[in-house]
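Trainee: Starting off with a structure, shown below.
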Amino acid sequence: MTSYNAASVVLLLPLLSAFFILVLGRTVGTTVSKMISVGSAALCFVVSVATLGVTNDSGVLVSFLNVGKLHADIGFIIDQQSRGMLFIVTFIGLLVHVYSLGYMKEDKAQSRYFGSLSMFMFSMTGIVLADNFAMMFMFWELVGLSSYLLIGHWFEKPEACEASKKAFLTNRIGDFGFMIGILTLWAASNGELGFAQLRESLSGGSVSGPLHSAPAWVLTVAAIGIFMGAVGKSAQAPLHVWLPDAMEGPTPVSALIHAATMVAAGVYMLVRVSFVIAASETAMHLIAGVGGFTALFAALMAVQQNDIKRILAYSTLSQLGYMVMAVGLQAGEAGMFHLYTHAFFKALLFLGSGAVIYACHHEQDIWKMGGLSKKTPITFLTFVIGTAALMGIPGLSGFFSKEEILGAAYHDCGWLFTAAAFTALLTSFYMSRCVIVAFFGKARSENADHAHEAPLIMTAPLMLLSIFAIASGYGFFSDRLQAMVPHAEHGEGHYLVMGVSIAAVVIGAGLAFFLYNGKDKDPLNIKLFANRFYIDEIYAVIVKVFQDRLAWIVSGLESIFADGLVARLPAAIACRVGKTARAIQSGHLQGYTFALGAGLILAIYLVVQVLPKH
Amino acid sequence: MGLLELLIFIPLLAAALIGAGLPGKVIARSAAALNLLLVLAAISQFNAGNTLAHSYPILDNPAIAFAVKADGLSLTMALLTSLVLIAANCQIGEGKPAIYYVSSLLIAGGAMGAFLCTDIFFLYGFHELALIPTLLMIAIHGHGDATNRRAIAWKITVYLGVGSLILLAGLAALVVALKPASGLTFDLAALMQSAKDHPLPAATQAWIFTALLVGFGTLVSLFPFHSWAAPAYATAPTPVAMLHSGVLKKFGLYGLIRIALPLLPLGAKHECVQQALLWMLIGNIIVIGLVTIHQQKLDTLLGNSSVMHMGYIFLGIAAGTQVAINGAIILMFAHGISIALLFALCGRMRNQLGTLEFSKLGGLAANAPFLTVMFAFGTFASIGLPGLANFAGEVMVFLGAFDSNINDGFKLIHWATILGLWGVVMSAVYMLRAYRNLFFGKAASGHFMSDPVITQRVSLVLLAGVLLVVGCCPGLITGLLKDLTIAAP
């Protein structure tokens, strides 16, 4: 299979599926829609596995805009990064499609759900394949749309509507910066949008590129702008608020979009354009700082959450923070490696949490669960594997990738390393807490008491994913997955990093065991963490003051000025002039005669005295 | 009689026939459908390389001729006109008086004439022809109580009247200033030649350009001459609101691109004029954007959003680069289609629900999935989602406006672009808020909406389909525009 064909199939098949379901979904019925969507996901998976074998390539699928010096194509790059990512997206996508067949069995709007899933697969593949900023941005927006549709799937639920709107708008704020970054690069490079062309223009190789001679501030603006896009999509502080709320969507969606793939798109994109970031020292520091901060900040919030999906959501934020930090530390490969392993174990955890929620009749509070280890053994076992991988227990995939990032931090920046290590400890703590409370002890509610194992169509994906969660860190696997693994430099400090990371796991898990084993309610009560540092509340005030209040004021001023000054003032003047003129037009003959006489004298004066002088 | 003349006269003739007592619905719909077919025929002729032009001289001195000519720009606008005409006709309910059909045909015919004529005299005249039924319809059949709608009809009449007057003065000054040796002429091609041979001094160009900008600008609701637009659209009967906001309003932009930019290139680039235009369009985007966020009713929200979106097209015109102008034209087309779609839906909702206030509505999606999808097309088009037509236009305007040397720092046009990008965020805020309040959540009691029957869906699907097709293949329009000469060399 040529890379051109592969790229077209993987991109177009889900689009056709989504379009078909949009137009005919209602006519052909749920079953056909489901089959088409799952079928297209399966075919895409097969094609992307086949793509793992092809050589690097790039090309144009179709031209989108071609005016003057603007050339925006729908093109593709096939290289190690995109092959690996394509595998992740289609593999987890397929599993989520299959899992959804079980999880969404009783939903009323399954056609819409599967249509949106196909739409997501299309958009995400576009991001992975994109070879220029225009295409990247377009698909970037489209994943935003599919995320909006899927979070708001249960649109009768007010929380779901608000969450989907919040996700879209928060991402829009990030995209505001992203677009400024793209425009700056476009202007500074004299009209380039392609990654390859921009890289060339920046390197100042054989043809001295205009970007090479651009002043430093231009590149900094570009890099920070582009990073803002990633801050939105990958939910980094301060735009992280949408991701936890996005858990209002169906759980399989959380696994696919809000854990494994879409939220990682920010990291993927940053690695793709790392040459731009590398050109600006300031941007690099900023990115590493934001990533490190988010990792720690989100882990602190995760410690005090009670909703099983929210714990995982904050954990996702925190892990994304790791990846972003790695990009900022110029260790993009370590970031991508963690992206791969994280995709497997986090999808596993989310699907596992879905099975738990399914088992407990839509109960999501871990304090109302308990004792599930015996009632749902497969879910329990796979969830524990996922947890162990996330905590970074030695030998599992998460351990290797997290250590690469810790290593990069250790070499570069002391306080980032401290933050990252402390995050690792917290991760181990809150995940152990989650497992202990949800799966051990006694059932704390009726729903938990009557829990039953999910059907095979849901547990099979869990088992498959656990294999990957365990093994994807090993060279044998990661080579075949075309994962980007950094060339390990086992220099000085390696053992220190490893020691610290193992210690963090042990201390965190130990603390959690000590605190939570056998407890029926949370012995810790940290309001600040439980309420997520009150960030959402602060934002609500900001929106109220700087948007709604400002809109109110501007609206009032607008009606005073635009209506008053532009319309009513001239109208009033006209009225006044009319009134004055009416006084002259009094109907008194003497008045008219006087005016006539005066006019006549004026005219004669003008003709006789003024005109001859000119 | 060529294709182009037919395009102008079929709607006018149909209006006359309906006025004479023939059945409105049948004649209006067949005229509209025929018009669309003829526009498509004209486009294929144009793409095949045929020149579509006719000229019927009327006066020798000053030279006035009924001259029509098609190029990419005018064909794009003609296509927009015929599409919106079809949709607008389909929104006229059973039992409405014939004047609804007559007025919409007159507006469309006038707009066609304005877009296809190359003689300034006729170009201006056709626009006035289209304007009069708009004003009358708002006064006679507008929504709301009689005093209110008459007040609003007066307001828009005065505004647009004054705007047209300033425009007339500007055009007269232009024609006189560019008078060739052979005597006064209103023919655009002759004026263009004259402008090329004897360029006017920059100061004169700047003055005339300013007059044209204010005149055309008022017609397009350029800030701060915009306050007629939102109440007018909220009051106008649905087909009139669709045709005016979708089509007729674009006349001002068309005029700037067709007349002002090529004939007065130095005026457009004049420092003061450019700065003033940039500040005004920032007003459109930011000030009106905030005003739109404040709206509590769908009709005024759409009216204000349509004022706001004009800012992006003005940004394209202010930038004046090829990419930006192409973007502005795509955006004119796209905005016309998307706002017509939204006003059509808004009209249906007003009829069925009796109110458009967000606080009283909700959960409409449960019973009206089709309308929900259609509204989503309008919403996401107007917030610039890729794949729908507006995105291509917006992104080209932004790229075109940013396309200058930035190594010495951002200039006003760059800042205007950045503010425009923030405007995209604001559009998303108010459109998604409206969408969520109307369609999602729990159904509000007492307000029920159902989907229309299949036959009434066709026109809405047509508009949504056009948004999708042009959004996915903007090349369909930029292909028409590749030979467009904007600025005289």
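Trainee: Whether any residue in segment A:51-60 is under 24 Å from the mean Cα position of the chain (by Cα), hydrophobic (A, V, I, L, M, F, W, C) and open to solvent by less than 60 Å² (accessible area, probe 1.4 Å) is what I want to check.
Mentor: Checked against the condition, which is being under 24 Å from the mean Cα position of the chain (by Cα), hydrophobic (A, V, I, L, M, F, W, C) and open to solvent by less than 60 Å² (accessible area, probe 1.4 Å), segment A:51-60 yields no hits at all.
Trainee: While we're looking at this one, here's another question. For segment B:426-454, which residues satisfy the criterion of being of a type in the set (Val, Ile, Thr) and either open to solvent by less than 10 Å² (accessible area, probe 1.4 Å) or more than 8 Å from chain A (Cβ to nearest Cβ) (or both)?
Mentor: B:Val453, B:Ile454
Trainee: Which residue pairs have Cβ atoms under 8 Å apart, sit 6 or more places apart or on different chains, and have a first residue in segment B:80-106 that is crowded, with 24+ Cβ neighbours inside 10 Å and a second that is assigned to a loop (DSSP other than H, G, I, E, B) and not hydrophobic (A, V, I, L, M, F, W, C)?
Mentor: As it stands, the answer is B:Tyr100/B:Pro237, since those pairs meet every condition given.
Trainee: What is the one condition in (1) within 18 Å of A:Phe513 (Cα to Cα); (2) among the aliphatic types (A, V, I, L, M); (3) in contact with a helix residue (DSSP H, G or I) (Cβ under 6 Å, 6 or more places away or on another chain) that A:Ala409 does not satisfy?
Mentor: The one condition A:Ala409 does not meet is (1).
Trainee: Could you grab me the full set of residues in segment A:153-180 that are touching a residue at least 60 places away in the same chain (Cβ under 8 Å), more than 7 Å from every other protein chain (Cβ to nearest Cβ) and surrounded by fewer than 24 Cβ atoms within 10 Å (Cβ to Cβ)?
Mentor: Of everything in segment A:153-180, those that are touching a residue at least 60 places away in the same chain (Cβ under 8 Å), more than 7 Å from every other protein chain (Cβ to nearest Cβ) and surrounded by fewer than 24 Cβ atoms within 10 Å (Cβ to Cβ) turn out to be A:His153, A:Trp154, A:Lys157, A:Glu159, A:Ala160, A:Glu162, A:Ala163, A:Lys166.
Trainee: If you don't mind, another one. Are any residues in segment A:438-475 under 27 Å from the mean Cα position of the chain (by Cα) and under 12 Å from A:Thr376 (Cβ atoms), and if so, which ones?
Mentor: Within segment A:438-475, A:Met458, A:Leu462 meet the criteria.
Trainee: When you check A:Arg310 against the structure, is it over 19 Å from A:Thr427 (Cα atoms) and either charged (D, E, K, R) or buried (at least 24 other Cβ atoms within 10 Å of the Cβ) (or both), yes or no?
Mentor: no
Trainee: Then there is this: Is it fair to say B:Asn367 is over 25 Å from A:Leu22 (Cβ atoms) and either open to solvent by 40 Å² or more (accessible area, probe 1.4 Å) or within 7 Å of another protein chain (Cβ to nearest Cβ) (or both)?
Mentor: The answer is no for B:Asn367.
Trainee: More than 14 Å from chain B (Cβ to nearest Cβ), modelled with pLDDT of 90 or more and open to solvent by 60 Å² or more (accessible area, probe 1.4 Å): which single residue out of A:Leu511, A:Leu528 fits that description?
Mentor: Result: A:Leu511 is the single residue among A:Leu511, A:Leu528 that is more than 14 Å from chain B (Cβ to nearest Cβ), modelled with pLDDT of 90 or more and open to solvent by 60 Å² or more (accessible area, probe 1.4 Å).
Trainee: May I pose another question? Which of the residues that make up segment B:54-84 are assigned to a helix (DSSP H, G or I) and in contact with a Leu (Cβ under 7 Å, 6 or more places away or on another chain)? It would help to see each step written out before you state the result.
Mentor: So in segment B:54-84, the residues assigned to a helix (DSSP H, G or I) come out as B:72-84.
Result: B:Gly72, B:Leu73, B:Ser74, B:Leu75, B:Thr76, B:Ala78, B:Ser82, B:Leu83, B:Val84.
Trainee: Collect the residues in segment A:461-479 that are surrounded by 14 or more Cβ atoms within 10 Å (Cβ to Cβ) and closer than 20 Å to A:Val54 by Cα, keeping them in residue-number order.
Mentor: Those that are surrounded by 14 or more Cβ atoms within 10 Å (Cβ to Cβ) and closer than 20 Å to A:Val54 by Cα: A:Phe477, A:Ser478.
Trainee: If you don't mind, there's one more thing I want to ask. Could you check segment B:271-289 and list, in sequence order, the residues that are open to solvent by less than 10 Å² (accessible area, probe 1.4 Å) and either farther than 30 Å from A:Ala551 by Cα or under 18 Å from the mean Cα position of the chain (by Cα) (or both)?
Mentor: B:Leu281, B:Asn284, B:Ile285, B:Ile288
Trainee: Continuing with this model, one more query. Can you find a residue that is among the aromatic types (Phe, Trp, Tyr) and either assigned by TED's automatic domain parsing to the domain that holds B:Ile418 or modelled with pLDDT of 95 or more (or both) anywhere in segment B:269-280?
Mentor: The answer is yes; a qualifying residue exists.
Trainee: Could you say whether any residue in segment B:253-270 is surrounded by fewer than 22 Cβ atoms within 10 Å (Cβ to Cβ) and outside any helix (DSSP H, G or I)?
Mentor: yes
Trainee: Shifting gears a bit: When both residues are 6+ apart or on different chains and their Cβ atoms are under 6 Å apart, which pairs have a first residue that lies in segment B:377-394 and is within 11 Å of chain A (Cβ to nearest Cβ), and a second that is among the polar types (S, T, N, Q)?
Mentor: Correct list of pairs: B:Ile383/B:Ser427; B:Gly384/B:Asn390.
Trainee: Next question, about the same structure. Of B:Ile406, B:Ile413, which residue is surrounded by 16 or more Cβ atoms within 10 Å (Cβ to Cβ), of a type in the set (Val, Ile, Thr) and at the interface with another protein chain (Cβ under 7 Å from one of its Cβ atoms)?
Mentor: Step by step, each of B:Ile406, B:Ile413 is checked, and only B:Ile406 is surrounded by 16 or more Cβ atoms within 10 Å (Cβ to Cβ), of a type in the set (Val, Ile, Thr) and at the interface with another protein chain (Cβ under 7 Å from one of its Cβ atoms).
Trainee: Exactly one of these conditions fails for B:Ala211: (1) open to solvent by 10 Å² or more (accessible area, probe 1.4 Å); (2) under 25 Å from B:Gly144 (Cβ atoms); (3) away from chain A (no Cβ under 12 Å). Give me its number.
Mentor: Checking B:Ala211 against (1) open to solvent by 10 Å² or more (accessible area, probe 1.4 Å); (2) under 25 Å from B:Gly144 (Cβ atoms); (3) away from chain A (no Cβ under 12 Å), the one that fails is (2).
Trainee: Which one of these does A:Leu565 not meet: (1) farther than 30 Å from A:Ser315 by Cβ; (2) open to solvent by 60 Å² or more (accessible area, probe 1.4 Å); (3) out of contact with any Pro (no Cβ under 9 Å at 6 or more places or on another chain)?
Mentor: Of the numbered conditions (1) farther than 30 Å from A:Ser315 by Cβ; (2) open to solvent by 60 Å² or more (accessible area, probe 1.4 Å); (3) out of contact with any Pro (no Cβ under 9 Å at 6 or more places or on another chain), the odd one out for A:Leu565 is (3).
Trainee: Are any residues in segment A:379-422 within 30 Å of A:Ile357 (Cβ to Cβ), part of a loop (DSSP other than H, G, I, E, B) and open to solvent by 10 Å² or more (accessible area, probe 1.4 Å), and if so, which ones?
Mentor: A:Ile393, A:Gly395, A:Leu396
Trainee: Also, quick follow-up: Taking the stated definitions as given, is A:Ile226 more than 22 Å from A:Ile92 (Cβ to Cβ) and either open to solvent by less than 10 Å² (accessible area, probe 1.4 Å) or among the hydroxyl-bearing types (Ser, Thr, Tyr) (or both)?
Mentor: yes
Here's the yes/no breakdown for (1) touching a Leu at 6+ places or on another chain (Cβ under 9 Å); (2) under 21 Å from B:Ala401 (Cβ atoms); (3) within 11 Å of chain B (Cβ to nearest Cβ):
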residue	(1), (2), (3)
A:Thr184	yes, yes, yes
A:Ala188	yes, yes, yes
A:Gly191	yes, yes, yes
A:Gly204	yes, no, no
A:Gly209	yes, no, no
A:Ala214	yes, yes, yes
A:Trp217	no, yes, yes
A:Ala222	yes, yes, yes
A:Gly225	yes, yes, yes
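Trainee: Could you go through segment A:534-546 and let me know if any residue there is over 32 Å from the mean Cα position of the chain (by Cα), open to solvent by 80 Å² or more (accessible area, probe 1.4 Å) and over 18 Å from A:Met391 (Cα atoms).
Mentor: Within segment A:534-546, none of the residues are over 32 Å from the mean Cα position of the chain (by Cα), open to solvent by 80 Å² or more (accessible area, probe 1.4 Å) and over 18 Å from A:Met391 (Cα atoms).
Trainee: How about segment A:64-119: which of its residues are assigned to a strand (DSSP E or B), within 14 Å of chain B (Cβ to nearest Cβ) and aliphatic (A, V, I, L, M)?
Mentor: A:Leu65, A:Val67, A:Leu70, A:Ala72, A:Ile74
The values are calculated or read from the model by the stated rules, or taken from the named source; none is laboratory data. Please read all numbers here as calculations on a predicted model, not as lab measurements. Quick reminder, even Gly has a Cβ in these numbers, built from the backbone with ideal geometry, and neighbours come from all protein chains shown. Side chains are part of the model used for accessible areas, which takes the heavy atoms of the whole protein and leaves out ligands, DNA and RNA. Shrake-Rupley method; radii C 1.70, N 1.55, O 1.52, S 1.80 Å.
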